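Report on the structure given below.
The values are calculated or read from the model by the stated rules, or taken from the named source; none is laboratory data. Since the model is a prediction, treat every value here as computed from it, not as a measurement. Positions of Cβ are backbone-derived with ideal geometry, glycine not excepted, and every protein chain shown enters the neighbour counts.
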Amino acid sequence: MAENPNVCLSLESRPENVLIVRQVLSGVAEAAGINALELNDISTAVSEACNNVVQHAYGDAHGPMEVELYLQPGTLCAIVRDHGAGIRPLIDGAGEEGAVGIGLPLILALATRVEFVDPPGGGLEVHLEFKVTAEHTLTVPAGSIPAWSRHSTSDLADGTVRLDIAPAEIVRAVMGRVVCALAARAAFSTDGIAHAQELADSLAAHTANPPGTGHLRVGIIPAPGARALEMRVGPLRSGAELGDLEHVLSRLAEDYSVTRDGPSEVLAVRLTETR
Amino acid sequence: MSSATYSPAASGTQPATPVFAAEGEAALFNRWQGHADTAAREALVSRYMPLARSLARRYGRSSEPFEDLLQVASLGLLKAIDRFDASRGFPFRAFAVPTILGEMRRYFRDSGWAVHVPRSVQERALKVRGAQEGLTNQAGRAPTVGQIAQFLELDTEEVIDALQAIQSYETVSLDAQAPGAEEDGASYGDSLGEEDGRYELVELGATVASVMSHLPERERRILHMRFVEDLTQSEIAERIGVSQMQVSRLLRRSLEQLRTLTGGAAEGS
């Protein structure tokens, strides 16, 4: 499997987060031109692998769930990883009539190749491979390693969703969907969600690095109690002014700031419903 | 038997599904496959209908209407029951899952589902937009996704997908003509009003597949064209050479018959 995924997603193993995984898959499919039939197969199988993490990886508790997506010519690979109980019986759907034992046969029937890997650090990796007829090749620049999601799996308990996305062509579709879903979770009204989507679009346009410059890191925390959404996005397009984005930010965001993170600049935005 | 295959360790922590004694099940397969005992088939169908339903729900997340897919899943289940070789000692479930999935995938492929999806998403988007406006007028402020979901009896993900669609199709009027409906000038808005008893089918649910065979050939064909091939009443009328009004009547009558039959089946069991 290639070294550098197009998308690297980290979130907590909660049932409601499987929806986020599906939104990411839909975004990738849209950007790559993967058809609805193939997406449905992929989405169903990956959801089952995630459901298994949610239900069995950490007993009654929750822990990190990571999903990596690799787009290659003719193939989409997905890795679903946890740091939990390791190889375990892949049963699921507890309490749902007729569902026990569906997960594994379903995954086996939908993916072209399935592999269970016992990673060195513990936990379980399910590797899924799907044949796809993508319209566009979306190559991750060589040497661009998702620096964020993959190496920091702590602090997801506050609802944080972390994403590394490359190349620039898929940022808009993926980020728009994730922001919409998390704004809904933060109890935004449809007006607030429309604002969040508008902001996500501007952010995607502004942070979209020229092809070949690596992964965009996105962190989003929904705060339902405060009807707020906090986002960190970087690196910003190097050396550029915020420009148009500044207008959007001052109109929609409650608060925003640009901070330096190593060699690059990162934008932090707080969006609230009452604004 | 099937649970032993997949859950040796977990059986202590979770109640295993009620598994029927393996020989009981093998006997049922034998009675149906060897002796054409339809009561045995009925028993197998009702045992495994929850499996078919669960698969349809998982696989058909973005499919609308759900009951069409449930019909297809039921068909897949019937095929699996016909073809399963109980003597080989594998659990039926392991055979049924890929068979039912195969049926649903074929249905999606053959019915041009990939083309229909955008349409059903648009239809849902239209409903969501309507609910959004209605609820806004009612409460004086825009509703949350949860409120829309509750109002339309959708799940939040369906509403989120619809909002997504509203955003990306903003420039496309939902009142534009539905693709393939140019002849009779139907718009997306129109097709929402036409329910054709789809919701009745949901209520009838699982038992429909098993009583379908009691309907006359023509009625079955019409039901198939309407609910599986997703043809409009006018399209069906053209195919079988009757008026659209007649198709409408035949559909209504078939659904009534189905309701009677399933009601009868429920009383009988």
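How about the range A:229-275: which of its residues are of a type in the set (V, I, T), touching a residue at least 12 places away in the same chain (Cβ under 8 Å) and surrounded by fewer than 18 Cβ atoms within 10 Å (Cβ to Cβ)?
A:V258, A:T274, listed by residue number.
Being out of contact with any Pro (no Cβ under 8 Å at 6 or more places or on another chain), modelled with pLDDT under 95 and outside any helix (DSSP H, G or I) is the requirement here; does A:R88 meet it? Yes.
Considering only the range A:199-222, state which residues are modelled with pLDDT of 90 or more and either part of a strand (DSSP E or B) or within 11 Å of chain B (Cβ to nearest Cβ) (or both).
Result: A:A200, A:V218, A:G219, A:I220, A:I221, A:P222.
The lone criterion from (1) under 20 Å from A:E30 (Cα atoms); (2) in contact with a Ser or Thr (Cβ under 6 Å, 6 or more places away or on another chain) left unmet by A:V233 is number (1). I'd like to check something: does the range A:58-76 contain any residue that is β-branched (V, I, T) and away from chain B (no Cβ under 14 Å)? The answer is yes, given that some residue of the range A:58-76 is β-branched (V, I, T) and away from chain B (no Cβ under 14 Å).
Of all residues in the range A:156-181, those satisfying the criterion of being surrounded by fewer than 22 Cβ atoms within 10 Å (Cβ to Cβ), within 17 Å of A:L229 (Cβ to Cβ) and not hydroxyl-bearing (S, T, Y) are A:D158, A:G159. Within the range A:24-36, residues that are more than 13 Å from every other protein chain (Cβ to nearest Cβ) reach partners that are small (G, A, S) with beta carbons closer than 8 Å, at six or more positions or on different chains, in the pairs A:V28/A:A173; A:A32/A:A134.
The requirement of being modelled with pLDDT of 90 or more and more than 29 Å from A:V140 (Cβ to Cβ) is satisfied by A:I193. Restricting attention to the range B:7-52, the residues that are within 17 Å of B:R88 (Cα to Cα), at pLDDT below 55 and of a type in the set (F, W, Y) add up to 0. If the condition is being over 23 Å from the mean Cα position of the chain (by Cα), in a loop (DSSP other than H, G, I, E, B) and at pLDDT below 90, then the range A:236-272 contributes A:S238, A:G239, A:A240, A:E241, A:L242, A:G243, A:G262, A:P263.
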